[in-house]
Amino acid sequence: MFIEPKTLIGRFEILSLLGAGGMGEVYRATDTKIGRDVAIKVLTGDFSTDKLRLRRFEQEARAAGALNHPNILSIFDVGTTDDGLSYVVSELLEGQTLRDHLAEGALTPRKAVEYALQIISGLAAAHEKGIVHRDLKPENIFITTDERIKILDFGLAKLNSPLGTNDADTEAATVQIQTTPGIVLGTVGYMSPEQVRAHQVDHRSDIFSFGAMLYEMLTGRRAFQGESAAETMTLILREDPPELHDAGRELNPALRQIVFHCLEKNPEQRFQSARDLAFDLQMIAGLTEATTLSSAGIVARSSVAVTTGEVAPAVATNETGTPARRTRRRWLLLALAALLLVGVPLAFFLGKRAGKQPLPTYRQLTYRRGTIWSARFAPDGETVVYSATWNGNPLEIFSTRPESPESRSLELTGTDVLAVSSTGELAVLLNRQYLGWFISRGTLARMPLVGGAPREIIEDVQQADWSPDGSSLAVVRYVGGRNRLEYPIGKVLYETAGYISHPHISPDGERVAFYDHQVQWDNRGWVSVVDREGSKKSLSGEWGTAEGLAWSPEGDEIWFTATKGGEALALYAVTLEGQERAVARAPVSLMLHDISRKGNVLLTADNQLTSIMALPPGDKRERDLSWLDWVGVNDLAADGRTFIFTQFGEGSGTNYAVYLRKTDGSPAVRLGDGQAWGLSPDGKWVLAILNTPSQIVLHQTRAGETRQLPRGPIERYGFGANWMPDGKSVIFIGREQGHGMRCYVQEIEGGALPRAVTPEGVTGRLVSPDGRFLIVNDPSGRKSLYALDGTGQTQAINGLEEGEDVIGWNTDSRALYVFRRGEMPVRVSRLDLASGDKEFWREVSPADTAGILAPPRIYLTPDGKSYVYQLARYISDLYFVEGLR
């Protein structure tokens with residue numbers, strides 16, 4: 001079948017034929033609506049009535065359309081014409097396939113690793129959505145003219161999510177190898193052993209196929225190639241490929257290890273995730289042509305950390321344990337190979353020159369799936385005490401040692417460890433209430449490390465640290481709507497309307513280091529120090545994300561983990577004079593938990609993800625609308641068809657990024673900088689707040705320029721804003737110089753200045769649809785209804801119990817939607833304000849609860865029929881590190 005130029009398929013006008021594949025033909029076309037050139041793939045006439053092929057075609061479109069990643073082909077549209085022609089529209093690529101590139105011979109190791117990193121990054125994104133490609137081969141890898149990798153053809157993707165088809169059908173089809181010309185589902189030379197055997201396939205099958213491609217990129221030869229399909233399958237099942245060589249030379253042994261680890265016959269012996277594989281690839285990126293690299297530095301492309309001359313991986317011995325000293329570069333190369341051979345999955349790019357001092361070593365302490373909240377060294381400097389939520393279970397305290405892969409529970413459920421004293425006493429947090437990021441509030445208690453019941457000390461504590469002699473504590477408390485740092489308890493050294501985190505007392509006991517955050521609960525902050533007399537000093541500039549801090553053993557530096565804007569958190573050090581240096585970087589975010597007197601370090605490697613789920617109007621099943629990595633949903637339109645969110649993660653910048661998305665699944669649109677807070681009632685504007693400089697902006701959802709509202713007396717905007725029901729003014733949290741946070745209302749036209757509407761310490765953002773009441777928190781954290789008529793009257797929320805939170809108002813302003821904090825699944829109830837009666841409304845029950853920091857942030861339409869919610873997920877691994885300098 002050939003479609004003539006100028007033929008319209010939907011709104012797309014055919015320009016020319018680009019090529020044909022096993023399932024259809026691909027044309028160049030133009031989108032007549034917006035003038036963009038696209039690629040449009042249609043089923044050929046012979047296949048258009050084949051139900052199996054139609055199903056595979058639809059599956060390809062649905063699988064790829066569910067993904068959003070720079071290394072995966074973007075899908076714009078899918079449909080069927082009136083005469084039954086099925087088509088899918090994607091971005092138009094310029095370049096060539098990897099197969100075409102390999103026709104010229106093997107790639108250089110550096111180029112192979114560069115491409116491999118991009119491929120595995122796209123695969124990781126697909127696997128995290130439950131999508132397995134199942135037909136990875138050079139023909140399905142496209143290299144654009146600007147060297148961007150795109151993974152094509154998810155037509156064989158098996159969906160483990162609700163998008164999927166019946167496993168029995170797909171698995172049987174996978175191995176339907178015909179001796180006469182026909183369709184082979186899964187190209188033979190790149191199939192995994194489990195595909196050949198018709199066993200069940202998961203994401204590890206893609207890792208095998210990836211290994212076969214990487215082998216071919218490095219050698220120019222296929223890993224498995226017999227004279228027939230049957231011989232090739234036998235090789236896959238029984239034989240390893242020939243050893244890797246490059247122009248007669250042995251390749252980097254670390255790279256060889258990666259390739260053959262991918263090609264293990266047993267899936268259990270391969271890399272268990274694309275993320276793990278990516279870590280090891282990133283570690284050796286830039287070292288694949290070691291003999292051509294300058295000893296002055298290593299340059300890593302793609303998303304790999306880049307240093308300027310100083311790299312220190314982990315173990316510096318070869319396979320026999322003999323030190324490798326032939327040359328500095330060879331020594332570094334073998335160190336990296338040894339690192340992989342002993343199975344360490346994480347390598348750091350360090351700010352110390354190789355060869356001048358012993359290299360650091362990293363020992364993984366935890367192996368379960370979940371979030372590590374806090375970790376501390378015991379007095380011996382070897383035993384580690386940490387609190388974690390594993391596999392969705394309640395928070396619990398454990399102890400472990402670096403020589404043991406097992407952790408022992410201290411049987412303290414629902415308890416968070418804050419500090420361990422030099423005398424072996426724990427400071428713990430009971431009755432824990434999550435506030436934000438890694439900050440909770442509860443009752444401070446102390447107990448012996450060897451066991452015993454906790455003894456309560458003081459309430460409303462967030463974090464604490466022991467003095468060096470174990471006689472007193474520094475605490476951060478929430479008092480009167482403000483954060484206080486006290487040392488010892490009762491003596492206020494510093495107070496802020498923002499919040500304080502990660503207090504650590506200096507080794508001489510004379511100072512407390514901490515993060516000073518200006519806005520609750522925005523974790524951008526400054527590394528600061530205060531002495532016993534209350535003299536406070538900021539040692540650093542503002543960091544975009546700041547989590548984790550400790551003193552060096554000598555007390556001359558404060559080590560901390562932070563990032564300037566959007567990239568992974570790295571480990572830094574700052575002196576008391578404000579001189580900063582980088583200590584360690586990694587492909588994932590690091591969080592510093594503690595440093596022992598011997599200089600050993602506790603770090604977690606954290607993977608931050610956010611899932612966005614929605615129930616659009618008229619739908620009966622939730623839809624996965626996840627986008628990018630670390631985001632926060634901020635508002636849902638009253639009709640349930642549009643929502644806004646903020647991206648905080650990779651590439652978001654210092655001011656973050658505001659996005660608009662429809663719940664029908666169409667792509668998200670970036671509107672501009674800032675943290676999004678509210679979608680205007682008419683849907684034309686998004687209210688957002690910039691951090692630097694602190695400023696309210698209004699982004700148009702359609703064509704138009706961004707506007708700024710006059711700041712007037714506002715020194716700093718707080719954590720919360722919204723539209724008033726009339727759409728003519730906004731309400732926000734802010735403060736004037738010398739005052740605490742409170743609420744202000746400001747008209748958006750005429751240059752009006754903000755006016756205060758609540759007393760200091762009384763804040764909120766949920767306005768009733770009739771504009772009469774605002775739900776506020778008073779300085780003690782208690783919720784109430786605050787009248788916006790100027791009288792300042794407040795009234796208790798009838799029927800709202802302690803531990804319950806408000807999601808939003810219903811349409812007539814007579815009821816609220818509420819839920820109980822800490823419960824999973826989340827049960828949403830409708831609370832009648834007049835009677836105080838509650839009626840169960842619906843349940844939100846995530847299938848996977850591992851690593852969820854807090855209950856889902858839910859936004860309901862006023863009629864309660866549609867919703868969108870987010871799940872913020874932190875997956876942590878704890879490492880014991882020796883030798884960092």
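Name every residue in the stretch 531-555 that is under 22 Å from Y494 (Cα atoms), open to solvent by 30 Å² or more (accessible area, probe 1.4 Å) and among the charged types (D, E, K, R), in order of residue number.
Across the stretch 531-555, the qualifying residues are D531, R532, E533, K536, K537, E542.
Kindly establish whether G740 is at pLDDT below 90 and buried (at least 17 other Cβ atoms within 10 Å of the Cβ).
Criteria met by G740.
Just to be sure I understand the filter: pairs with C-beta atoms under 9 Å, separated by 6 or more residues or on different chains, first member in the stretch 869-883 and open to solvent by 20 Å² or more (accessible area, probe 1.4 Å) and at pLDDT 90 or above, second member part of a strand (DSSP E or B) and among the charged types (D, E, K, R). Which pairs pass?
I875/D606; D877/D606; E882/R363
If S780 satisfies every condition in (1) modelled with pLDDT of 90 or more; (2) within 24 Å of G740 (Cβ to Cβ); (3) open to solvent by 70 Å² or more (accessible area, probe 1.4 Å) but one, which is the exception?
(1)
Taking the stretch 727-751 on its own, how many of its residues are touching a strand residue (DSSP E or B) at 6+ places or on another chain (Cβ under 6 Å) and small (G, A, S)?
Summing the residues that are touching a strand residue (DSSP E or B) at 6+ places or on another chain (Cβ under 6 Å) and small (G, A, S) in the stretch 727-751 gives 2.
Those residues that are in a strand (DSSP E or B) and farther than 17 Å from M447 by Cβ, I need them from the stretch 394-420; list them, please.
Result: T400, single match.
Return the residues of the stretch 544-571 that are over 21 Å from the mean Cα position of the chain (by Cα) and not aliphatic (A, V, I, L, M); say none if nothing qualifies.
Residues satisfying the conditions are W551, S552, P553, E554, G555, D556, E557, W559.
Looking only at the stretch 190-220, filter to residues that are touching a residue at least 60 places away in the same chain (Cβ under 8 Å) and part of a loop (DSSP other than H, G, I, E, B); which one of those is farthest from N266 (Cα to Cα)?
G220
So, of the residues in the stretch 571-584 that are open to solvent by less than 10 Å² (accessible area, probe 1.4 Å) and in contact (Cβ under 8 Å) with a residue 24 or more places away in the chain, which turns out to be farthest from V527 (Cα to Cα)?
A584
If we scan the stretch 373-384, do we find a residue that is farther than 26 Å from A847 by Cβ and of a type in the set (F, W, Y)?
Yes: the stretch 373-384 contains one or more residues that are farther than 26 Å from A847 by Cβ and of a type in the set (F, W, Y).
When T144 is evaluated against the numbered criteria (1) buried (at least 17 other Cβ atoms within 10 Å of the Cβ); (2) at pLDDT 90 or above; (3) among the hydroxyl-bearing types (S, T, Y), which criterion, by number, is the only one it fails?
For T144, the exception is condition (1).
Inside the stretch 717-755, can you point out the residues that are farther than 26 Å from L636 by Cα and outside any loop (DSSP other than H, G, I, E, B)?
Hits for the stretch 717-755 are R735, E736, R755.
For the stretch 252-280, which residues satisfy the criterion of being assigned to a helix (DSSP H, G or I) and surrounded by fewer than 18 Cβ atoms within 10 Å (Cβ to Cβ)?
F260, E268, Q269, D276
Quick one: how many residues across the stretch 818-836 are in a strand (DSSP E or B) and touching a Pro at 6+ places or on another chain (Cβ under 9 Å)?
3
Being among the hydrophobic types (A, V, I, L, M, F, W, C), modelled with pLDDT of 75 or more and under 27 Å from A116 (Cα atoms) is true for just one of L85, L73, L43, L8. Which residue is that?
Exactly one of L85, L73, L43, L8 is among the hydrophobic types (A, V, I, L, M, F, W, C), modelled with pLDDT of 75 or more and under 27 Å from A116 (Cα atoms), namely L73.
When the residues of the stretch 579-625 are narrowed to those that are closer than 30 Å to H69 by Cα and among the hydroxyl-bearing types (S, T, Y), which ends up nearest to the chain's Cα centre (by Cα)?
For the stretch 579-625, the residue satisfying everything is T610.
Is there a residue being under 24 Å from E736 (Cα atoms) and either polar (S, T, N, Q) or part of a loop (DSSP other than H, G, I, E, B) (or both) anywhere in the stretch 450-472?
Looking for residues that are under 24 Å from E736 (Cα atoms) and either polar (S, T, N, Q) or part of a loop (DSSP other than H, G, I, E, B) (or both), one finds none in the stretch 450-472, hence no.
When you scan the stretch 794-808, do you find a residue that is within 28 Å of Y744 (Cα to Cα), among the aliphatic types (A, V, I, L, M), part of a strand (DSSP E or B) and free of Cβ contacts under 8 Å to residues at least 40 places away in the same chain, even just one?
yes
Name every residue in the stretch 724-744 that is hydrophobic (A, V, I, L, M, F, W, C) and over 12 Å from I696 (Cα atoms), in order of residue number.
M724, M741, C743
Consider only pairs whose beta carbons are under 9 Å apart and that are at least six residues apart or on different chains; among these, list those whose first residue lies in the stretch 613-635 and is more than 19 Å from Q647 (Cβ to Cβ) and whose second residue is open to solvent by 20 Å² or more (accessible area, probe 1.4 Å) and not in a loop (DSSP other than H, G, I, E, B).
Partner pairs satisfying both residue conditions: L615/R623; L615/R842; P616/R623; P616/K662; E622/M613; R623/M613.
Give me the residue from the stretch 585-598 that is open to solvent by less than 20 Å² (accessible area, probe 1.4 Å) and touching a Gly at 6+ places or on another chain (Cβ under 8 Å) and, out of that set, farthest from G381 (Cα to Cα).
Residue satisfying both the conditions and the ranking: L590.
If I ask for residues that are outside any strand (DSSP E or B) and open to solvent by 20 Å² or more (accessible area, probe 1.4 Å), which ones from the stretch 376-393 would you list?
Step one: filter the stretch 376-393 for residues outside any strand (DSSP E or B), giving 378-383, 391-393.
Correct list: P379, D380, E382, T383, N391, G392, N393.
Within the group P667, P693, which residue is touching a residue at least 24 places away in the same chain (Cβ under 8 Å) and either open to solvent by 20 Å² or more (accessible area, probe 1.4 Å) or assigned to a loop (DSSP other than H, G, I, E, B) (or both)?
None of the others qualify; the one that does is P667.
Cβ-Cβ under 7 Å, sequence separation 6+ or interchain: first residue in the stretch 366-394 and without any contact (Cβ under 8 Å) to a residue 40 or more places away in the chain, partner among the small types (G, A, S). Which pairs?
If the second residue must be among the small types (G, A, S), the pairs left are T383/S399; S387/S374; P394/G414.
I'd like to check something: does the stretch 711-721 contain any residue that is closer than 30 Å to F840 by Cα, buried (at least 18 other Cβ atoms within 10 Å of the Cβ) and modelled with pLDDT of 95 or more?
The answer is yes; a qualifying residue exists.
Tell me yes or no: at least one residue of the stretch 57-65 is at pLDDT below 90, out of contact with any His (no Cβ under 9 Å at 6 or more places or on another chain) and of a type in the set (D, E).
Within the stretch 57-65, the first condition is being at pLDDT below 90, and the residues that meet it are 57-65.
Filter again for out of contact with any His (no Cβ under 9 Å at 6 or more places or on another chain), leaving 57-62, 64-65.
In the following step, the residues that additionally are of a type in the set (D, E) were identified as 58, 60.
Within the stretch 57-65 (the criterion being at pLDDT below 90, out of contact with any His (no Cβ under 9 Å at 6 or more places or on another chain) and of a type in the set (D, E)), the answer is yes, since at least one residue qualifies.
The values are calculated or read from the model by the stated rules, or taken from the named source; none is laboratory data. These figures come from a predicted structure and were not determined experimentally. So basically every Cβ, Gly included, is an ideal-geometry build from the backbone, and we count neighbours across all protein chains shown. In case anyone asks, the SASA skips ligands and DNA or RNA and just uses the protein heavy atoms, side chains included. Shrake-Rupley method; radii C 1.70, N 1.55, O 1.52, S 1.80 Å.
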